[in-house]
Each structure stands twice: as C-alpha cells, then as structure tokens.
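This report refers to the structure that appears directly beneath it.
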Amino acid sequence: MFSRRTFLKAALASNMLGIPLVKGMKLFSRDSESMLKELKTPSSPFDEDYWKMVRKQFYIRGGVYLNTGTAGSVPMYVMNAVFEKMIKREQFFEGFGWDWKKLKKDVADFIGINTDELVFTRNTTEGMNFVANGLDLKPGDEILTTTHEHVGGLCMWELKAKRYGCIIKRISLPAPPKEPADLLNPFNDAISRKTKVISICHVTFTTGLLFPVKEFSRLCRDKGVILVVDGAHPPGMLNVNIHDLGCDFYATSTHKWLCAPKGTGLLFIKEDMADRLWTTIASGGWDDLSLKAERFNRVGTRNDQLIYGLWKAVEFQNAIGKDRIEKRIRQLNRYLRENLIKIKGLQLKTPMRDDMNSGACSFSIDGFTHQEIGKALKEKGKIYYRLVAEYGYNWIRLSTHIYNSFEEIDLALEILNDLVKSR
C-alpha cells in the first residue's frame with residue numbers, strides 16, 4: 001500500500017530533484033552558481049541574445065507581463081536560495097547560516113547608503129509609516145505632497161493630520177509636465193514658515209514620472225524642511241545612489257523592480273535624522289540612540305529567509321550590472337513610448353524626456369475607457385498591465401523590465417492599434 005509517509009517522501013524528493021510541482025514549472029531546475037556565471041557574461045546592453053538568456057532565469061509563463069510596477073517576478077536564483085534556507089531553518093540545525101554583516105553591507109552598497117542607516121521592512125508602506133509615525137509634528141504643521149501619491153505614501157500623513165492636527169497640502173501636477181521646473185516651482189511657492197515636511201515619489205506609480213529628487217533636496221535644505229521620498233520603484237530599475245540624492249528618508253519595495261521576495265522592503269534613515277525619529281514598534285534597544293537606524297530593525301521574529309532572498313536578488317542584479325539593467329529598461333520603455341504616441345487619439349501621460357521618465361509609462365485613448373483598453377490587452381494578448389483608476393485618472397500603465405522583449409511590446413502595440421481601428 002502507498003502510505004502517507006511514502007507519499008510525502010516521494011513528493012519531497014521530487015521537489016528537490018527539480019521534478020515539476022506544476023506542469024511546466026520547476027523549483028530547482030538549474031545550479032545556482034551556473035546561473036550567476038552566465039549573467040556575468042560581458043555583452044552590450046542591447047545584445048538581444050543576452051536578454052533572451054536572462055529571460056530564461058525567470059518562471060514567467062503563459063502571458064506577457066508588463067506590470068513590474070506592481071510586483072516583479074522572482075528569478076530562479078533567488079527562489080532556489082530562499083527555499084534552501086527555509087528548509088534548513090526548519091531543521092533547526094542550521095540557524096541563520098549566513099553572514100548578516102556582509103548581507104547588510106551588500107544591500108546598503110546597492111542603494112548607496114551606510115549599514116547603520118538601513119532598515120529592513122516589508123514594503124514601502126511600512127517604511128513610510130515608520131517615518132510619519134516617528135516624526136514629532138504639532139498642530140498646524142504643514143506637510144506638502146502631490147496628487148500622484150500612492151495610498152501607501154499618503155494615508156500615514158492623513159492619519160498624522162487627523163490624530164495630531166497637522167495640515168496636508170496636495171499640489172496638483174500636470175500629466176505630463178514639460179520640464180523639471182513644472183514640479184519644483186509649485187512646491188517652492190507653497191512652502192511657508194509652517195511647512196515641516198515635503199513628501200514626494202521618486203517615480204510616481206500613476207505615470208512613471210521621475211522626480212528631480214536632488215533639486216528637491218537642495219530646496220528642502222535651504223528652507224529647513226524634511227524631505228521624505230517614496231522610492232517604491234527605482235531600486236532595481238535605475239542605478240540609484242540615495243546619498244547622492246540627498247534626501248532625509250527613502251522607503252522602497254524590493255519586491256518590484258529588484259525582483260526580491262514579496263514581503264521585503266528597505267528604509268533609509270539619514271544618519272543625522274535617526275535620533276529625531278520615534279520607533280513605531282518598541283522592542284529591545286528601542287530608546288538606545290547609539291543603535292541609529294538599527295533600532296527600527298528590532299521588530300521581533302520575522303521571516304529572515306525572505307531577507308536572505310533580498311540579498312540574493314542584489315547578487316543577481318549585480319551580476320548583470322545596474323547600469324546594464326537601467327539601459328535595457330530605458331531602451332524598451334523608450335521604444336514603447338515612441339510607438340504609443342503614433343496611435344491615433346492616444347494621450348501619453350508620461351514625459352518623453354529621459355531625465356523625467358523611467359521604466360513605466362501611462363496613457364489613455366480618446367473614445368475608450370480604461371476598462372475597454374485593458375480588456376483588449378488581456379483577451380487578445382494575455383497582457384498583464386496596471387489600471388490607474390485612483391483619483392479618477394483612468395489610465396493604463398505598462399512597465400518594461402529585463403525579462404521583457406521587443407516582441408512583447410510589439411504585441412501590445414498591435415492590439416492597441418487594432419482597437420483604435422475597430423471604431
């Protein structure tokens with residue numbers, strides 16, 4: 001008789017050997033070191049054969065995934081590492097089994113900060129809440145933000161305002177703006193002696209607009225205002241150096257463009273701001289200011305295997321090279337935008353200027369609802385996209401990442417052209 005114990009042993013063995021759990025999908029399909037070695041192959045950022053090889057490192061099947069702005073696909077190299085550590089951890093013999101000091105240094109280096117400024121979070125929302133909850137603000141203090149903030153970068157300020165009597169001022173932005181001054185000048189004009197915080201996105205979720213964070217940092221320093229940046233998108237998409245940006249706080253979701261496991265994120269707390277921030281979660285060392293940002297890592301038991309996976313995602317992208325990744329993403333999105341604007345009645349909401357765009361862009365088409373456009377993309381090409389319905393914008397957002405191709409973009413363009421011609 002085939003007992004339950006025999007069945008479980010067979011199932012575990014099949015998983016470890018790479019036998020499909022689901023038809024067409026394996027967990028341990030390749031040796032991790034060979035994957036990393038292949039990624040380090042020297043090539044031009046525009047070598048299509050190289051990017052076809054990169055695509056094979058991901059599990060994406062059965063559709064065209066143009067929604068990395070919501071969540072990225074975790075590569076096999078990272079999945080292998082996470083599952084290995086999860087299994088070893090549950091054996092209770094291995095402990096953590098990795099060098100935390102090196103992990104923190106590698107992750108901090110990847111985004112251009114010091115290790116004592118690094119906090120591991122679950123996502124951007126959690127990081128932004130740590131900042132808003134921790135700042136001492138009084139009734140009447142002003143927070144300036146925009147009409148393009150994600151709820152994860154806005155609601156914590158709304159809570160702060162309702163609880164402590166702060167005032168939120170939301171500045172309306174054009175879509176698309178023509179130049180960086182269109183973003184900077186309205187904030188400069190809105191700052192008053194009551195303004196304590198400016199909170200902006202580095203890249204907006206609505207349109208993929210790239211904010212001039214350096215210029216905002218200079219403005220905030222000159223005016224004595226704290227700059228908080230929702231950086232959910234850039235790490236893993238752009239070659240980001242947070243110290244170079246000059247902001248005070250920067251929160252990101254590494255499950256997006258960095259393609260780390262879901263439930264991982266990072267928060268940067270500038271060294272001279274650490275003692276101005278109350279901890280949201282109090283545990284051992286919560287009031288020890290010598291710990292700097294480490295105070296915010298004291299949150300109790302968590303799934304550290306996911307953080308290990310974040311480390312491996314950094315290794316994966318470093319093997320390809322951050323510059324090579326950014327050039328590829330921009331190449332694909334530029335091709336997409338240049339062809340979108342050729343479609344009759346299409347209104348591009350993202351700037352064409354490279355210093356103002358990123359790996360995501362949004363659009364509408366005259367005479368069609370966003371639901372109609374989305375339905376055509378999904379039904380005709382199994383294309384995954386993002387509806388930007390927030391604030392009544394009703395746009396479609398498409399994201400291009402290293403696992404996408406020109407052929408996939410051409411399919412989306414063909415469907416959109418056919419949709420317009422159908423009327």
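The values are calculated or read from the model by the stated rules, or taken from the named source; none is laboratory data. All figures in this text were calculated on a predicted structure; none of them were measured in a lab. Counting neighbours? That spans all protein chains shown, and the Cβs are built from the backbone with ideal geometry, glycine included.
Quick check on segment 196-252: of everything there that is of a type in the set (Phe, Trp, Tyr) and within 17 Å of LEU267 (Cα to Cα), which residue is surrounded by the fewest Cβ atoms within 10 Å (Cβ to Cβ)? It comes out as PHE249. Evaluation of ASP109 against the conditions (1) under 19 Å from ILE269 (Cα atoms); (2) of a type in the set (D, E, K, R); (3) touching a residue at least 40 places away in the same chain (Cβ under 8 Å) shows that the sole unmet condition is (3).
Of all residues in segment 252-268, none are among the small types (Gly, Ala, Ser) and at pLDDT below 95. Of the residues making up segment 86-144, those that are within 15 Å of ALA274 (Cβ to Cβ) and acidic (Asp, Glu) are ASP116, GLU117, ASP136. PRO174 meets each of the listed conditions (1) more than 15 Å from ASP248 (Cα to Cα); (2) modelled with pLDDT of 95 or more apart from (2). The residues in segment 123-151 that are buried (at least 22 other Cβ atoms within 10 Å of the Cβ) and touching a Cys at 6+ places or on another chain (Cβ under 7 Å) can be counted, and the count is 3.
Residue check: SER253 meets all listed conditions (1) in contact with a helix residue (DSSP H, G or I) (Cβ under 6 Å, 6 or more places away or on another chain); (2) of a type in the set (S, T, N, Q); (3) more than 21 Å from PHE205 (Cβ to Cβ) but one, namely (3).
Hey, can you tell me all the residues within segment 77-122 that are of a type in the set (S, T, N, Q) and either buried (at least 21 other Cβ atoms within 10 Å of the Cβ) or in a helix (DSSP H, G or I) (or both)? Listed by number, the residues that qualify are ASN80, GLN91, THR115, THR121.
Filtered by the rule that a residue be under 14 Å from THR146 (Cα atoms), of a type outside the set (Phe, Trp, Tyr) and in contact with a helix residue (DSSP H, G or I) (Cβ under 9 Å, 6 or more places away or on another chain), segment 188-207 gives ASN188, ILE191, VAL197, ILE198, SER199, ILE200, CYS201, HIS202, THR206.
Scan segment 143-187 for residues that are under 12 Å from MET128 (Cβ atoms) and small (Gly, Ala, Ser) and jot them down. Correct list: GLY152, GLY153. Can you give me the number of residues within segment 222-245 that are touching a strand residue (DSSP E or B) at 6+ places or on another chain (Cβ under 7 Å) and either under 14 Å from GLY359 (Cβ atoms) or of a type in the set (Ser, Thr, Tyr) (or both)? Residues that pass the stated criteria total 5. Taking LYS101 as the residue in question, decide whether it is out of contact with any Leu (no Cβ under 8 Å at 6 or more places or on another chain) and not hydrophobic (A, V, I, L, M, F, W, C). Yes, satisfied.
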